[in-house]
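The values are calculated or read from the model by the stated rules, or taken from the named source; none is laboratory data. Just so it is clear, the model here is predicted, and its values are computed rather than measured. Glycine also receives a Cβ, built like all others from the backbone with ideal geometry; neighbour counts cover every protein chain displayed. Each accessible area value is taken on the protein alone, full model and side chains, heavy atoms only, with ligands, DNA and RNA left out. Shrake-Rupley method; radii C 1.70, N 1.55, O 1.52, S 1.80 Å.
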Amino acid sequence: MFILHHLNNSRSQRIIWMLEELGFPYEIRFYKRDPQTMLAPPELRSIHPLGKAPILEDRNSTSPVTLVETGAICEYLVEKAGGRLGPPNDAIGLLRYRQFLHYAEGSVMPMMLAKLAVSRVPLLGKKGAKRIQPMIDRHLDYIEQELCDRPWFAGDVITAADIMMSFPVEVAKGRAGLDASKPATMAWLDRIHSRPAYRMALTKGGEYAYA
């Protein structure tokens, strides 16, 4: 049994989706953000010292495993599933898979979080957000260029790289300027949103502002 410690409106929604895609049995334990700070509650620190979501416990193995970091959890689940949702067989597809698996959190999300943080600063927030937006636009242009060439980030089939990219792209649509001027990216969003496993994950995961 997998146990997912899940925070509302967070990156951990991707792990619910991945568990649904792979058909693993799992349990969700729900946590709510502090309405004032929007931070995770202190109870999460009793599960892992970092106190952030997602946290995945694997109680299937002989030695129970507790993991944080969405990308690491995705790679772990791919391995547990015998390679399903893993990289394509071709060398280029493998490189794309690795790149986008890490690009999601390493490059795109820091820009989204920077804009969100700056926009909350009184008086100077709007000016700061405008300075960050061109950097976000560069990422959105790059994503659009990549998705013009193929239906999924790594190639012709969905992989964990697409699951990882879902959160920053959804945040971009809600808060950072992604719109119909990027038709390939919007079509990709439609594809992931139409997947039964994605829809089931929304039903099970509760509050999620970015779908």
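Summary of computed values
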{"read-out": "Count of the stretch 121-157 residues which are part of a helix (DSSP H, G or I) and under 22 Å from residue 198 (Cβ atoms)", "value": "5"}
{"read-out": "From 150, 199, residue being more than 27 Å from residue 38 (Cα to Cα), modelled with pLDDT of 95 or more and open to solvent by 10 Å² or more (accessible area, probe 1.4 Å)", "value": "150"}
{"read-out": "All positions within the stretch 91-132 that are modelled with pLDDT under 95, surrounded by fewer than 17 Cβ atoms within 10 Å (Cβ to Cβ) and not small (Gly, Ala, Ser)", "value": "110, 113, 116, 120, 121, 122, 123, 124, 126, 127, 130, 131"}
{"read-out": "Residue 85 being under 22 Å from residue 153 (Cα atoms), among the aliphatic types (A, V, I, L, M), part of a loop (DSSP other than H, G, I, E, B) and more than 13 Å from the chain's Cα centre (by Cα)", "value": "yes"}
{"read-out": "Boolean, residue 198 is among the aromatic types (Phe, Trp, Tyr) and in contact with a Pro (Cβ under 8 Å, 6 or more places away or on another chain)", "value": "no"}
{"read-out": "Residue 113 vs. criteria in a helix (DSSP H, G or I), of a type outside the set (Val, Ile, Thr) and in contact (Cβ under 8 Å) with a residue 40 or more places away in the chain", "value": "no"}
{"read-out": "In the stretch 53-84, the residues that are among the acidic types (Asp, Glu) and surrounded by 13 or more Cβ atoms within 10 Å (Cβ to Cβ)", "value": "57, 58, 69, 75"}
{"read-out": "Flag for residue 50 being within 28 Å of residue 121 (Cα to Cα) and free of Cβ contacts under 8 Å to residues at least 60 places away in the same chain", "value": "yes"}
{"read-out": "All positions within the stretch 158-183 that are farther than 14 Å from residue 74 by Cβ and either in contact with a Pro (Cβ under 9 Å, 6 or more places away or on another chain) or assigned to a loop (DSSP other than H, G, I, E, B) (or both)", "value": "176, 177, 178, 179, 180, 181, 182"}
{"read-out": "Filtered residues of the stretch 1-52 (kept if charged (D, E, K, R) and open to solvent by 80 Å² or more (accessible area, probe 1.4 Å))", "value": "29, 32, 43, 45"}
